[in-house]
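Remarks on the structure that follows.
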Amino acid sequence: MTSLASLLAIPPLSKVQLQSRSALRDARFDSPGVIDLPFWFFQCVVGEQLEIRSPGGFMTRVAPEDICDIVKAEPIVVQAMPRHVLVERLRIPLRERQQSPGPECYRPAHVLWVMKDRWARVDAAFVRFLDESLNEGTGPQQASLDDTTRVMLNAVARRDRMPVVSRHGQASWSAVSRELPEHRAARKASQIFFAAALSR
């Protein structure tokens, strides 16, 4: 049976507004800077829950009803090495292994979050392959990237686009730092409506 979480068909890295008090309470153990109703990044569906991650990397799984708004994003597709290919490469002679892997060693995948090193370069990437048969486990998995993908990811991996775990700086706890234009318009419309209703 298809779950509600799957039926929502949220694109990876979309910004979802979290309203789960228990999830936010857990997040506050890592940082006192958690704000009410933050926007975090959607990662993937796990059973009947949505796996989401804060811009700084805190992960939780919540029910669809714990989300009150969605800002859809364009997924970032990368070329990543499936685990079975990596295992096969570890079996070949060392001299062959030192050569750069060819394009046949990689498959398309959605990047879901990254870790950066002390020089602010992407050190590790966590993905879900477009071909579900290549995914191991239920959540994101670490995978090697091809050189072109790594260059591209270094240019776009920021906390306003995806979760980034880094040694530098405080983690941003919401992917949307300003009020969205559509929210501002809705708030003003509701204020006008209630002002008119109360003046009668």
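When the residues Thr138, Thr148 are ordered by accessible surface, computed with a 1.4 Å probe over the protein chains alone, the sequence from largest down reads Thr148, Thr138.
Per q in 0.10, 0.21 1/Å, what log10 I(q)/I(0) does a Debye calculation on the alpha-carbon atoms of segment 1-98 return? Once normalised to I(0) and log-transformed, intensities are -0.39, -1.00. Grouping the Cα pair distances of segment 58-144 into 10 Å bins from zero gives a pair-distance distribution of 14, 37, 34, 11, 4, 0 percent in increasing distance order. What a 1.4 Å probe finds exposed on segment 94-166 is 49% carbon and sulfur by accessible area, rounded to a whole percent. Amide hydrogen proximity for Val165: with H placed 1.01 Å from N in the peptide plane, the residues at 5 or more positions away or on another chain lying under 5 Å are Val114, Met115, Lys116.
When Arg53, Arg158, Arg167, Arg150 are compared by accessible area of protein heavy atoms, the largest-first order is Arg167, Arg158, Arg150, Arg53, using a 1.4 Å probe.
The values are calculated or read from the model by the stated rules, or taken from the named source; none is laboratory data. Only a predicted model underlies this, so the values are computations on that prediction, with no experimental measurement involved. In case anyone asks, the SASA skips ligands and DNA or RNA and just uses the protein heavy atoms, side chains included. Shrake-Rupley method; radii C 1.70, N 1.55, O 1.52, S 1.80 Å.
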